[in-house]
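Worksheet: the structure to be examined is printed underneath.
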Amino acid sequence: MTYKTVTLKRGKEDSLQRFHPWVFSGAIAAADDTIDEGDLVTVYAHDGTLIGNGHSQIGSIAVRMLTFDDTAIDEAFYEQRLNDAYRMRQSLGLQRENNNAYRLVHGEGDFLPGLVVDIYGPTAVMQAHSPGMHFARNIIAQALVKLPGVRNVYYKSETTLPYKAHLDPVNDYIIGHMETDEALENGLRFHVDWLKGQKTGFFVDQRENRSLLEHYSQGRRVLNMFCYTGGFSVYALRGGAQLVHSVDSSAKAVRLTDDNVALNFAPEDGRHKSFAEDAFKFLDNMEKDAYDLIILDPPAFAKHKSALRNALVGYRRLNAKALEKIAPGSILFTFSCSQAVNKDQFRLAVFSAAAQTRRKVRILHQLTQPADHPINIYHPEGEYLKGLVLYVE
Ligand code: SAH
């Protein structure tokens, strides 16, 4: 198979020879002028050595590499990569009687840059983050339903594709239909709204951190801030929390949380309450010592490197508000899912918040993304979720 070609400037092959999967536009010496957004291209070093094949894209990342040899990018390629991804998840034991929600494909972490696939029972929800993956969506969907248990493929890329590409993707089933919107995570039931919800409808990346929270919940008064679908709330209730308050600025998220609580607990279990309110406002108005377990899992404050400074101020302010009012002997679960903020920067922001409130704070756990969100060792940018569990006196 021959593809259009891209030739790099001298010396710009180094990071690619170390399998970093991105070609930046500034690294390109020459390219076929017929290359369109999303086309398959073959990348060559300045001296003509073949580097591999990838998807082209307009923007600062000009090519996302799919292979580091001349393997063709066809049905067999996608089947192979998806089989590899599936086999890895099998070794993690994520598909089992009490769990059928997990991430099957995590972009670069599964050597499929630009593609995300989450599994909810019989349904795969697929997101393309690159035009190349958008054009490959039908082949990918066909390969997905060859995996055991996958019968439906929902495509959801309206908000993830670069809008300048003018691809006008439509969110819809490519294969199959709505069978059930219910998924199981560690024995808890969740409605997953992939039709209208954020991301693929659920944040599967917090599964293990929710489990850890469950173990700290016994007898505690829990505040789940930025609750979205109420994942942490439901685990806290099962863990024996005395009460759980869930807060989200989106009224729809609060409804999703209420629905998920109702799905798992009897109506006469009166421990849960939810509030459609801004987090900062809620924290300002809440009474001191009202909670002894708080979860802060905000949306990414920094979507890009340029927003880093403001994001760090945001994390400091948010954590300071919680640390100011949390009861003595409490636990704080605090997270950042901003890829642009690294572990040390996040920890420094939380340190500043602690210092500002003069509380005695110790780190009990340092949390990250689970194994179904693997980090390609050659692509450290794939590490995005950071969390700290603090003991506050
Ligand atoms: N903890 C959730 C995921 C949180 S996603 C889980 O485990 O699934 C972030 C959530 O923050 C979204 O639901 C969004 O509606 C909410 N949000 C964004 N800005 C907010 C604000 N200022 N105050 C309260 N909630 C906010």
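The values are calculated or read from the model by the stated rules, or taken from the named source; none is laboratory data. These numbers come from a predicted model, not from an experiment. Cβ coordinates were reconstructed from backbone atoms using ideal geometry, including for glycine residues, and neighbour counts include every protein chain displayed.
Brief remarks on what is shown
- Note on segment 380-392: among residues that are surrounded by fewer than 18 Cβ atoms within 10 Å (Cβ to Cβ) and in contact with a strand residue (DSSP E or B) (Cβ under 8 Å, 6 or more places away or on another chain), the one that is farthest from A322 (Cα to Cα) is E383.
- Just one residue in the set G121, G93 is out of contact with any strand residue (DSSP E or B) (no Cβ under 6 Å at 6 or more places or on another chain), of a type in the set (G, A, S) and more than 20 Å from I377 (Cβ to Cβ); that residue is G93.
- Filter result for the condition that a residue is within 11 Å of the ligand (Cβ to nearest atom), under 30 Å from I58 (Cα atoms) and surrounded by 15 or more Cβ atoms within 10 Å (Cβ to Cβ), over F226, F203, F190: F203
- Within this structure, G314 passes the test of being within 11 Å of the ligand (Cβ to nearest atom) and closer than 26 Å to V361 by Cα.
- Scanning segment 352-370 for residues that are crowded, with 19+ Cβ neighbours inside 10 Å and over 15 Å from G387 (Cβ atoms) yields one hit, A354.
- Lone qualifier among F265, F232 - being surrounded by 22 or more Cβ atoms within 10 Å (Cβ to Cβ) and either within 15 Å of the ligand (Cβ to nearest atom) or at pLDDT 95 or above (or both): F232
- Of all residues in segment 274-283, none are over 30 Å from Q345 (Cβ atoms), of a type in the set (A, V, I, L, M) and either exposed (fewer than 14 other Cβ atoms within 10 Å of the Cβ) or away from the ligand (no atom under 13 Å from the Cβ) (or both).
- Annotation: G219 fulfils all but one of (1) more than 9 Å from the ligand (Cβ to nearest atom); (2) within 17 Å of N260 (Cα to Cα); the unmet one is (2).
- When I295 is tested against (1) within 15 Å of the ligand (Cβ to nearest atom); (2) more than 24 Å from the chain's Cα centre (by Cα); (3) not charged (D, E, K, R), only condition (2) is not met.
- Of all residues in segment 233-252 being more than 16 Å from F203 (Cα to Cα) and in contact (Cβ under 8 Å) with a residue 40 or more places away in the chain, the one that is nearest to the chain's Cα centre (by Cα): A236
- The one condition from (1) within 16 Å of the ligand (Cβ to nearest atom); (2) buried (at least 19 other Cβ atoms within 10 Å of the Cβ) that Y154 does not meet is (1).
- Some residue of segment 303-320 being crowded, with 21+ Cβ neighbours inside 10 Å and under 15 Å from D248 (Cα atoms): yes
- Qualifying residue in segment 101-122 (condition: more than 20 Å from the chain's Cα centre (by Cα) and crowded, with 21+ Cβ neighbours inside 10 Å): no
- The number of residues in segment 198-245 that are touching a Gly at 6+ places or on another chain (Cβ under 8 Å), part of a loop (DSSP other than H, G, I, E, B) and among the aromatic types (F, W, Y) comes to 2.
- When each of G201, G149, G176 is tested for being in contact (Cβ under 8 Å) with a residue 40 or more places away in the chain and under 18 Å from the mean Cα position of the chain (by Cα), the lone residue that passes is G201.
- Residue list for segment 136-176, restricted to those being at pLDDT 95 or above, touching a helix residue (DSSP H, G or I) at 6+ places or on another chain (Cβ under 6 Å), of a type in the set (A, V, I, L, M) and under 26 Å from D36 (Cα atoms): I139, I140, A143, I174
- Restricting segment 177-197 to residues that are outside any loop (DSSP other than H, G, I, E, B) and of a type in the set (A, V, I, L, M, F, W, C), the residue that is nearest to T257 (Cα to Cα): F190
- Of the criteria (1) outside any loop (DSSP other than H, G, I, E, B); (2) touching a residue at least 24 places away in the same chain (Cβ under 8 Å), which one R255 fails: (2)
- Test for K288: is it closer than 17 Å to L323 by Cα, within 9 Å of the ligand (Cβ to nearest atom) and either touching a His at 6+ places or on another chain (Cβ under 7 Å) or without any contact (Cβ under 8 Å) to a residue 40 or more places away in the chain (or both): no
- Where L161 falls short, out of the listed (1) away from the ligand (no atom under 16 Å from the Cβ); (2) surrounded by fewer than 20 Cβ atoms within 10 Å (Cβ to Cβ): (2)
- Residue selected from segment 235-252 under the condition within 12 Å of the ligand (Cβ to nearest atom) and among the charged types (D, E, K, R), by the criterion surrounded by the most Cβ atoms within 10 Å (Cβ to Cβ): D248
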